[in-house]
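What follows draws every value from the coordinates through simple rules; no lab data is involved. Since we're looking at a predicted model, the values are computed, not measured. Counting neighbours? That spans all protein chains shown, and the Cβs are built from the backbone with ideal geometry, glycine included.
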Amino acid sequence: GQQVMQIPQYQHVQEGEDFTTYCNSSTTLSNIQWYKQRPGGHPVFLIQLVKSGEVKKQKRLTFQFGEAKKNSSLHITATQTTDVGTYFCAGPLPNDYKLSFGAGTTVTVRA
Amino acid sequence: SAVISQKPSRDICQRGTSLTIQCQVDSQVTMMFWYRQQPGQSLTLIATANQGSEATYESGFVIDKFPISRPNLTFSTLTVSNMSPEDSSIYLCSVETASSYEQYFGPGTRLTVT
């Protein structure tokens, strides 16, 4: 089964509002990655977090890695229509190089 | 990063036939992967394409159904054999560069089996 769990599955956001998507793992992760897939597109790498408690920002996107390295979050402020898509978190399987992808959070934006 | 191309971008095939999908990378990479993505679903790893040796398949995927070739460090093919409508999906190749763990995906092949 999937190692990495992600919630919520769907997020309907009013343009200009903020939202957060969460990712949880049953095991400690060496790193956590986030990808964005636009409708009809392919997953695109956004960021990788490696350190415990790490916080990284990309413009309106803030990524956090939990202190225990078992959870992560993506917070988007002032949502825009360009934020539409599905956001996946992914973490390597224990003692492996392969990634386990979360189920994804599909974001729609109401103008 | 890496630039990845896939061919074909989409195809409609009849059941019982086979389709070979090509994945080309603009630079040499160590790790290449093949994923399947059902509509509205997450990514499921089919196999890791190993250069010069047999691919490593994930549980539920077998070589007879999804033979993979990787003749060099920039190219791989995935064949979907003896197709059925259940094989209708998007097939994606991805690569992991030697310098980091992140993966870069090709544009995908949208397969419809009738």
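How big is the dipole moment of chain B about its Cα centre under a simple scheme where the beta carbon of each Lys and Arg is +1, that of each Asp and Glu is -1, and everything else is neutral? Debye, nearest 20, please.
Using only the charged Cβ atoms, the result is roughly 280 debye.
So, R0 is 25 Å and r is the distance between the beta-carbons of B:SER27 and B:GLU86; what FRET efficiency does that work out to, to 0.05?
In this case the efficiency is close to 0.10.
Compute the distance in nm between two label points, each set 7 Å from the Cα along the Cα-to-Cβ direction, one at A:HIS12 and one at A:THR82.
2.6
Determine the distance separating the Cα centre of the range A:59-92 from the Cα centre of the range B:54-88; give it in Å without decimals.
32
Rounded to the nearest 0.05, what FRET efficiency do B:SER100 and B:THR44 give with R0 = 25 Å and r taken as the Cβ-Cβ distance? Could you check?
For R0 = 25 Å, the calculated efficiency reads 0.65.
Return the FRET efficiency for the residue pair B:ILE12, A:HIS75: r is the Cβ-Cβ distance, R0 is 25 Å, and the value is rounded to the nearest 0.05. Write down the numbers at each step before the final one.
Working: r = 41 Å, r/R0 = 1.64.
Here the calculated transfer efficiency is 0.05.
Take B:CYS13, A:CYS89 and order them by how many other Cβ atoms sit within 10 Å, fewest up front.
Result, fewest neighbours first: B:CYS13, A:CYS89.
Going by how many other beta carbons lie within 10 Å of each one, how would you line up A:HIS75, A:HIS12, fewest first?
Details: A:HIS75 16, A:HIS12 11.
Lowest to highest Cβ neighbour count: A:HIS12, A:HIS75.
Between A:GLN58, A:GLN37, A:GLN80, which gets the highest mean-square fluctuation from a Gaussian network model of chain A, Cα cutoff 10 Å?
Between A:GLN58, A:GLN37, A:GLN80, it is A:GLN58 that shows the largest mean-square fluctuation.
In what order do B:SER94, B:SER9, B:SER53, B:SER42 fall by count of nearby beta-carbon atoms within 10 Å, going from fewest to most?
Placing the least packed residue first, the sequence is B:SER53, B:SER9, B:SER42, B:SER94.
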